[in-house]
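Here's the structure, in structure tokens; my notes come after.
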Amino acid sequence: MTSQIPLTRDPTHVRHGSNIGQPLTRRDGVLKVTGAARYAADNHLPRMLHAVMAVSSIARGRVTSLDIAAAKRHPGVVEVMTLQNRPPLAGDPDAKPNPFMFRIEVLQSDKVRYANQPIAVVIAETLEAATEGAALLAPRYETEAVRIGLDDAESFVPPAVGFGEPATVQHGNFESALASAAHRIEATYETPTQFHNAIEPHAIVAAWDGDSLSVDTPSQALATAQGRIAGLFGISPGKIHIRSPFLGGGFGSKAIFSGPQMLGILAARLVGRPVKLVLRREHMYGPVGHRSPSRQRLRMGTSGDGQLAAIDHHARVTTSTFDDFYEPAADVSRSLYASPAIATSHEAVRIDIGTPLFMRAPGEATGSIALECAIDEMAEACGLDPLAFRLKNYADVEPISGKPFSSKALRECYMQGAERFGWSKRPLPPRQMRDDDGFLVGWGMGTAAFPALMFAAEARAVLKADGSGVMETGAEDMGQGARTALAQIAADSLGLDLDQVEFKAGTSDLPNAGAAGFSSHTATAGDAIRSAGATVIAKLAELATSDKRSPLFGAGNAGVVARDGRLHRRDDESRSESYVDILKRAGLAEIEARGKGARDPAEQANYAMHAHGAVFAEVKVDPDLGQIRVTRMVGAFAAGRIINPRLVQSQLLGGMIWGISFALHEQAIIDHRSGRVLNGNLAEYHVPVNVDVPHMEALTIDEYDPHVNALGIKGVGEIGITGSAGAVANAVWHASGIRPRRFPVRIEDLVNPASN
Ligand code: MOS
């Protein structure tokens, strides 16, 4: 694997201070590789008990009996928590006061709504005793017929999809535009149920002290988690202290506080001792979210010269019987390609499964594989090269909103990615290339895009008498490197070196850093940090410039710059004063300031904000056996200012690997009679391993976006998966001549395509 991102000297990569733009390794990397990093489940408190969930083996019905006595007789078992003795809650776990608060199962009913739903919790002196106790419960059920497929229930139009987006959006008249199109295609694609599968399962260590609660648990959104616990237990958020210094992945599944985590807190309440509850791997396939399956129909038409005239993207998705989250699969067609007529719509069915949740580019990943395959097929219908077709049709202005993009380097992504990949040597028809071993070789591409989102965050900056700094924000590091990238922003905002700044993150008592999700964390928390740093520096400058004894006297706030622990006059940098001297003369032990990070509503009103990219893939297909291998991939991405090129490359490559996974590997197989996940483990739920991940390169294209936020940051967490899955699928077609219609692509789809 190539490990170089070309670091150009373009302005977006010029060092902002001495830290932003540096390809630093993760600051917590050594802790992680030596095993010294303490993840939630590594905590062990005095007198702590172990809790293990018993989960439902049916997907719909009612629990009629549990052999609680047998479990309790087991040596070491202290208590069995069920519907009957679960401590009371002040809030209703089935209430839904806002669209992003999800209903959770915390033993409030004997009803079973999906397979692997928690039905009891066994609490014991040891993990073994709790595990054995849970096995002795021997649940009996009343079962009802299970609805698990996309066609198993009546469909309806969801009230909203994704993050409150309308289910149906259109402009122009699709049907008439299609009717008068010179070239047309129509295709239907199916994507499977997927599970997040973070390496670290959800885990919690909970300890009550009166009505104060201390919690070690992985969280992508600490303040949200704190608020959720506070609401359910009727205590003030300030009484709840959550530590989440390290996460072993999240992918969206740790963005909400889940039922099993709440059960750990309830178990500790019940027994009056600290309790540790760690999900077993198989428990991860039910109560902590998944990605909905989809069936997507794409219809498109172009003029005779290959200009898009009409796009229709309709997606059918699923949600649970008791809650609402709708994968916004068709949304991607609202902003990527220009067309005078665009129609996008969703319908949904309720099935007997846990509630789906945001997962690795929710909507964009699912929708872009279908859209990119359809675009490829449309290019073929027009007799055009897929790159030429995209260059002709990508949107310069967001087609439905009519807003220009705040900046857009997509054309550069196409050109530089294609150049690096060698795309110009690609024969137009499929099945033209073979390698020395006789394998069919195919090249495909896809367009990548992800909204540049910002939510709200806060940070607190401190400058101390010794000249060092502190930056505090409750940021979460899922492994993506937030602690490092945000500390780089912190150091520059304070005009200090990284080792002079204590960067505090990962606990709920720090200022709310918002969520590590939606590819928005660096932009949002980073903006709060920048603002807190700028404000504390302004305070320091005020102290100096208003003091006759300072060499900076009279320079005014606008007239100084902070660098290397000193303030310098902007007009005469030889005149400067150290932070230490300024604070000493003022007799202050420290000064502090808070800052907020948020989107700018005026900019949002005027511009569409996206990161963009282009991905190119090579696959080899065994002509006899249908086996597919990705052998090469190049992605080129424009994502605004790059805070840390090493970490960004890692994020982009990770996303591209998930794209391979979406196209060729991932799939939960659910038994339609029982509603159970048949491959609910990491051995049978396939994800790419090293041998599946070829030579890959992620290039970053210089892009300066003055509108997105003060630092010009866009997200890189999820964009890599978009475009990549489609690129692999299109390469499969170019190798084999067969258009994939369902994902992951199976061997039998290539060997015997008529059978699917
Ligand atoms: Mo993500 S799916 O925003 O963690």
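The values are calculated or read from the model by the stated rules, or taken from the named source; none is laboratory data. What you see is a predicted model; the values in this text were computed from it and never measured. Because the Cβ atoms are built from the backbone with ideal geometry, glycine has one as well, and the counts that use them run over all protein chains shown. The area values use the complete protein model at the heavy-atom level, side chains included, leaving out ligands, DNA and RNA. Shrake-Rupley method; radii C 1.70, N 1.55, O 1.52, S 1.80 Å.
For residue 565, indicate whether it is within 16 Å of the ligand (Cβ to nearest atom), open to solvent by less than 70 Å² (accessible area, probe 1.4 Å) and small (Gly, Ala, Ser). Lay out the reasoning, then the answer.
Values: within 16 Å of the ligand (Cβ to nearest atom): no; open to solvent by less than 70 Å² (accessible area, probe 1.4 Å): yes; small (Gly, Ala, Ser): yes.
So residue 565 does not fit the description; no.
Any residue in the range 71-93 that is touching a residue at least 60 places away in the same chain (Cβ under 8 Å) sitting within a Cβ distance under 7 Å of a residue that is part of a loop (DSSP other than H, G, I, E, B) and open to solvent by 80 Å² or more (accessible area, probe 1.4 Å)? List the pairs, counting only those 6 or more apart or interchain.
From the range 71-93, the pairs are 78/125.
I need a count of the residues in the range 362-384 that are over 27 Å from residue 152 (Cα atoms) and open to solvent by 10 Å² or more (accessible area, probe 1.4 Å).
Final tally of qualifying residues: 6.
Here is a yes/no grid of residues against (1) modelled with pLDDT of 95 or more; (2) out of contact with any strand residue (DSSP E or B) (no Cβ under 8 Å at 6 or more places or on another chain); (3) closer than 20 Å to residue 481 by Cβ:
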| residue | (1), (2), (3) |
| --- | --- |
| 666 | yes, no, no |
| 670 | yes, no, no |
| 680 | yes, yes, no |
| 688 | yes, yes, no |
| 691 | no, yes, no |
| 694 | no, no, no |
| 720 | yes, no, yes |
| 725 | yes, no, no |
| 744 | yes, yes, no |
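Over 32 Å from the mean Cα position of the chain (by Cα) and of a type in the set (A, V, I, L, M, F, W, C): does that describe residue 471?
Details: over 32 Å from the mean Cα position of the chain (by Cα): no; of a type in the set (A, V, I, L, M, F, W, C): yes.
No: the conditions fail for residue 471.
Scanning the range 674-722 for residues that are open to solvent by 40 Å² or more (accessible area, probe 1.4 Å) and among the small types (Gly, Ala, Ser), which turns out farthest from residue 642 (Cα to Cα)?
Per the stated criteria, the residue is 683.
Given 312, 331, which one is over 17 Å from residue 288 (Cα atoms), part of a strand (DSSP E or B) and either touching a residue at least 12 places away in the same chain (Cβ under 8 Å) or hydroxyl-bearing (Ser, Thr, Tyr) (or both)?
On the way: 331 fails: part of a strand (DSSP E or B).
Only one candidate qualifies: 312.
Could you give me the residue pairs with C-beta distances under 8 Å whose first residue belongs to the range 348-359 and is in contact (Cβ under 8 Å) with a residue 40 or more places away in the chain, whose second residue is open to solvent by less than 10 Å² (accessible area, probe 1.4 Å) and among the charged types (D, E, K, R) wherever it lies, and which are 6+ apart or on separate chains?
Pairs found: 355/323; 356/291; 356/327; 357/291; 359/291.
Please verify whether residue 471 is among the hydrophobic types (A, V, I, L, M, F, W, C) and more than 16 Å from the ligand (Cβ to nearest atom), treating the condition exactly as stated.
Answer is yes for this residue.
Return the pair list, or none, for Cβ contacts closer than 6 Å from residues in the range 699-717 that are away from the ligand (no atom under 16 Å from the Cβ) to residues that are of a type in the set (Asp, Glu) and open to solvent by 10 Å² or more (accessible area, probe 1.4 Å), at least 6 apart or on different chains.
Listed pairs, sorted by first residue: 701/412; 702/10; 707/603; 709/527.
Across the range 15-70, what is the total count of residues that are open to solvent by less than 50 Å² (accessible area, probe 1.4 Å) and charged (D, E, K, R)?
Number satisfying all stated conditions: 1.
Could you pull out the residue among 275, 215, 271 that is at negative phi, open to solvent by 10 Å² or more (accessible area, probe 1.4 Å), among the β-branched types (Val, Ile, Thr) and touching a strand residue (DSSP E or B) at 6+ places or on another chain (Cβ under 6 Å)?
None of the others qualify; the one that does is 271.
Could you tell me how many of the residues in the range 514-536 are more than 16 Å from the ligand (Cβ to nearest atom), open to solvent by less than 20 Å² (accessible area, probe 1.4 Å) and among the aliphatic types (A, V, I, L, M)?
Summing the residues that are more than 16 Å from the ligand (Cβ to nearest atom), open to solvent by less than 20 Å² (accessible area, probe 1.4 Å) and among the aliphatic types (A, V, I, L, M) in the range 514-536 gives 4.
Which pairs do you get when a residue that is over 23 Å from residue 721 (Cα atoms) and in a strand (DSSP E or B), found in the range 506-527, comes within reach of a residue that is small (Gly, Ala, Ser) and away from the ligand (no atom under 13 Å from the Cβ), reach meaning Cβ atoms under 9 angstrom, with the pair 6+ apart or on two chains?
Here the result reads 507/244; 507/474, each pair linking the range 506-527 to a residue that is small (Gly, Ala, Ser) and away from the ligand (no atom under 13 Å from the Cβ).
Hey, any hits in the range 85-98 for a residue that's under 29 Å from residue 672 (Cβ atoms) and touching a Phe, Trp or Tyr at 6+ places or on another chain (Cβ under 6 Å)?
no
Which ones in the range 434-473 are assigned to a loop (DSSP other than H, G, I, E, B) and surrounded by 24 or more Cβ atoms within 10 Å (Cβ to Cβ)?
452, 454, 473
Can you say whether residue 161 is over 21 Å from the mean Cα position of the chain (by Cα) and either modelled with pLDDT under 95 or of a type in the set (A, V, I, L, M, F, W, C) (or both), as far as the supplied structure shows?
On the way: over 21 Å from the mean Cα position of the chain (by Cα): no; either modelled with pLDDT under 95 or of a type in the set (A, V, I, L, M, F, W, C) (or both): yes.
Taking the combined requirement at face value, the residue does not satisfy it.
Under 9 Å between Cβ atoms, which residue pairs at least 6 apart in sequence (or on different chains) link something in the range 727-741 that is over 20 Å from residue 657 (Cβ atoms) with a partner that is surrounded by fewer than 24 Cβ atoms within 10 Å (Cβ to Cβ) and small (Gly, Ala, Ser)?
Qualifying pairs under 9 Å: 736/626; 739/187; 741/187.
From the list 123, 119, exactly one residue is in contact with a Pro (Cβ under 8 Å, 6 or more places away or on another chain), closer than 26 Å to residue 69 by Cα, in contact (Cβ under 8 Å) with a residue 40 or more places away in the chain and of a type in the set (Val, Ile, Thr). Which is it?
119
Any idea how many residues of the range 474-505 are hydroxyl-bearing (Ser, Thr, Tyr) and either in a loop (DSSP other than H, G, I, E, B) or closer than 15 Å to residue 527 by Cβ (or both)?
1
Does residue 439 meet the test of being more than 16 Å from the ligand (Cβ to nearest atom) and in contact with a Cys (Cβ under 9 Å, 6 or more places away or on another chain)?
Judged against the criteria, residue 439 is not a match.
When the residues of the range 136-182 are filtered to those that are of a type in the set (Val, Ile, Thr) and either part of a loop (DSSP other than H, G, I, E, B) or open to solvent by 50 Å² or more (accessible area, probe 1.4 Å) (or both), which remaining residue is farthest from residue 399 (Cα to Cα)?
143
This table checks each residue for (1) open to solvent by 10 Å² or more (accessible area, probe 1.4 Å); (2) not in a helix (DSSP H, G or I).
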{"residue": "634", "(1), (2)": "no, yes"}
{"residue": "646", "(1), (2)": "yes, no"}
{"residue": "654", "(1), (2)": "yes, no"}
{"residue": "661", "(1), (2)": "no, no"}
{"residue": "672", "(1), (2)": "yes, yes"}
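Of everything in the range 343-361 that's open to solvent by 10 Å² or more (accessible area, probe 1.4 Å) and within 16 Å of the ligand (Cβ to nearest atom), which residue is farthest from residue 153 (Cα to Cα)?
Going through the qualifying residues, I end up with 360.
Which ranges mark the strands (runs of 3 or more DSSP E) fully within the range 191-254 that have 2 or more residues being within 16 Å of the ligand (Cβ to nearest atom) and farther than 19 Å from residue 480 by Cβ?
Ranges flagged: none.
Which one of the conditions (1) more than 30 Å from residue 683 (Cβ to Cβ); (2) crowded, with 21+ Cβ neighbours inside 10 Å does residue 191 fail to meet, given that it meets all the rest?
All conditions pass for residue 191, except number (1).
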